[in-house]
Amino acid sequence: AKSAGGNRFEVADAEADARVITRNGLTTALPTALDRGEFFIEYQPLVHLGDGSVRGAEALVRWLHPQHGVLGPDRFIPLAEHTGLIVPLGRWVLEQSVRQARDWRERHAGPAAAPLRINVNLSPCQLTHPGLVQDTVDILEAAGVAPDALCLEVTESALIGADDDLLKPLRRLAEMGVDIALDDFGTGYSNLANLRRLPVSILKLDRSFTQSMQQFPADPVDLKIVEGIVSLAHSLDLAVTVEGVETAAQAEQLRILGCDTAQGWYYARPGPPERLHDLALADATP
Ligand code: C2E
Ligand code: CA
Ligand code: CA
Ligand code: CA
């Protein structure tokens with residue numbers, strides 16, 4: 001599964017990462033961590049930049065390691081991709097997240113409340129796994145959640161040079177109503193014209209753009225670039241989400257530039273599912 005859509009540099013990186021983790025002794029514990037119930041998911045709100053309402057959340061996986069404590073995904077996802085655990089782990093994350101979305105939707109169904117959506121990251125290895133579409137359909141059906149409540153995030157680098165075989169499962173999911181977001185957009189040097197070929201409906205602008213909005217006024221060249229991306233995206237009917245928003249000034253600049261949705265510590269750090277429910281309710285209260 002490691003040939004999955006990645007370039008040689010990514011694979012080399014993953015191997016280097018895997019070596020680091022091996023030295024820390026995580027390799028032996030990882031394959032069985034799923035069975036031991038050591039993974040958990042934090043949710044980070046996605047906020048509408050126009051009115052500040054919570055629209056949904058991104059699911060971010062963590063590993064509660066018995067010796068090392070809570071480990072972030074950067075510590076174990078590369079190893080999970082390397083060993084193939086990412087397929088069952090990714091399926092577990094999807095299942096938990098979709099169930100969580102149903103729970104939010106049931107408890108958060110007031111007239112003022114827009115239904116909360118869930119964003120889940122897909123690794124390139126999951127993209128090439130033949131069970132992806134059926135697993136997703138099964139998980140949505142079992143939870144009684146409509147496909148349009150789900151957004152799958154795929155990194156731009158995973159889709160660079162993607163051929164039709166790689167895009168086919170994403171197209172099927174998109175036709176069903178699942179949103180596909182292009183994650184870390186702007187870091188992969190992809191051909192912008194190529195966007196039309198991809199079954200994506202959301203661009204997730206990489207955090208580096210948000211960081212360059214820290215000073216006020218921001219660097220004029222960066223402003224132009226973001227402005228250009230947003231207008232291109234909107235002309236192609238794509239929504240723009242920004243990540244890594246840490247300050248009010250960033251949020252304001254990005255709102256003025258026309259970005260649609262934002263995510264970042266300024267609004268909330270990733271946290272337990274109950275907190276998202278509280279935040280969404282608080283913001284729906286007049
Ligand atoms: P990502 O998809 O780009 O997720 C956003 C990352 O930015 C998260 O890091 C989040 O905690 C962090 N972040 C959010 N707001 C801010 C902010 O305001 N400032 C800063 N500096 N950082 C912020 P995290 O949770 O460590 O996840 C890292 C990466 O691990 C994710 O990057 C994603 O690529 C991957 N990942 C997480 N969960 C999963 C999963 O279930 N499956 C797969 N395949 N990958 C996952
Ligand atoms: Ca993501
Ligand atoms: Ca991202
Ligand atoms: Ca990122």
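For segment 155-240, give the magnitude of the charge dipole about the Cα centre (Cβ charges: +1 Lys/Arg, -1 Asp/Glu; no others), in debye to the nearest 20. Before the final figure, lay out the partial values.
Numbers: 8 positive and 13 negative charges, 28 e Å.
Rounded to the nearest 20 debye, it is 140 debye.
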Response to the item:
In vacuo Debye sum over C-alpha of segment 91-240, base-10 log of normalised intensity I(q)/I(0) at q = 0.13 Å⁻¹, listed in q order, is -0.66
Worksheet item: With r defined as the distance between the Cβ atoms of A146 and R269 and R0 fixed at 25 Å, what FRET efficiency is calculated, to the nearest 0.05?
Response: 0.30
Discussion item. Quick check: residue separation of V137 and F216 times 0.36 nm, minus the Cα distance between them. What number comes out in nm?
Written reply: 23.9 nm
Worksheet item: What is the dipole size for segment 39-192, taken about its Cα centre, with +1 at each Lys and Arg Cβ and -1 at each Asp and Glu Cβ, in debye to the nearest 20?
Response: 420
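Within the chain, which complete DSSP H helices have Cα atoms spanning at least 20 Å along the helix axis and a mean Kyte-Doolittle hydropathy of -1.0 or higher?
On the way: long enough: 8-23 (23 Å, -0.33); 86-107 (31 Å, -0.82); 220-235 (22 Å, 0.83).
For the chain, where a helix must reach 20 Å along its axis and average at least -1.0, the hits are 8-23, 86-107, 220-235.
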Discussion item. Applying a 10 Å radius around every beta-carbon, put 265-277, 196-208 in order of their mean neighbour count, most first.
Written reply: 196-208, 265-277
Item to complete: Taking the dipole about the Cα centre of the chain, with the C-beta of Lys and Arg at +1 and of Asp and Glu at -1, give me whichever of V242, L166, C125 is farthest to the positive side.
Response: C125
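State the extension gain, in nm to one decimal, for the chain segment bounded by N194 and H68, taking 0.36 nm per residue of separation less the distance between their alpha-carbons. Don't skip to the answer; put the middle values down first.
Details: separation 126, 0.36 × 126 = 45.36 nm, distance 4.26 nm.
Gain on stretching N194 to H68: 41.1 nm.
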Worksheet, complete the sentence: Counting only backbone N atoms under 13 Å from a point 7 Å out along Cα-to-Cβ of R36, the residues of segment 54-83 in range are 63-71
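Once the Cβ-Cβ distance between I225 and S53 is put in as r, and R0 is 35 Å, what FRET efficiency do you end up with, to the nearest 0.05? Please list the in-between numbers first.
On the way: r = 28 Å, r/R0 = 0.79.
That gives a FRET efficiency of 0.80.
Restricting to the chain, compute how many DSSP beta bridges are antiparallel as a %, nearest 5. All intermediate terms of the calculation are to be shown ahead of the outcome.
Values: 15 of 37 bridges.
So the antiparallel bridges amount to about 40 percent of the total.
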Worksheet, complete the sentence: When the charge dipole of segment 64-110 is computed with +1 at the Cβ of Lys and Arg and -1 at the Cβ of Asp and Glu, the Cα pointing farthest to the positive end, of A80, W104, L64, is that of W104
Practice prompt. Can you tell me which of 229-239, 39-49 comes out highest on packing, and rank the rest after it, using the mean Cβ neighbours within 10 Å?
Written response: 39-49, 229-239
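Values quoted throughout were computed directly from the atomic coordinates according to the rules given, and no laboratory measurement underlies them. Treat the numbers as computed from the prediction; the structure is a model and nothing was measured. All Cβ positions, glycine included, derive from the backbone under ideal geometry; neighbour counts span all protein chains shown.
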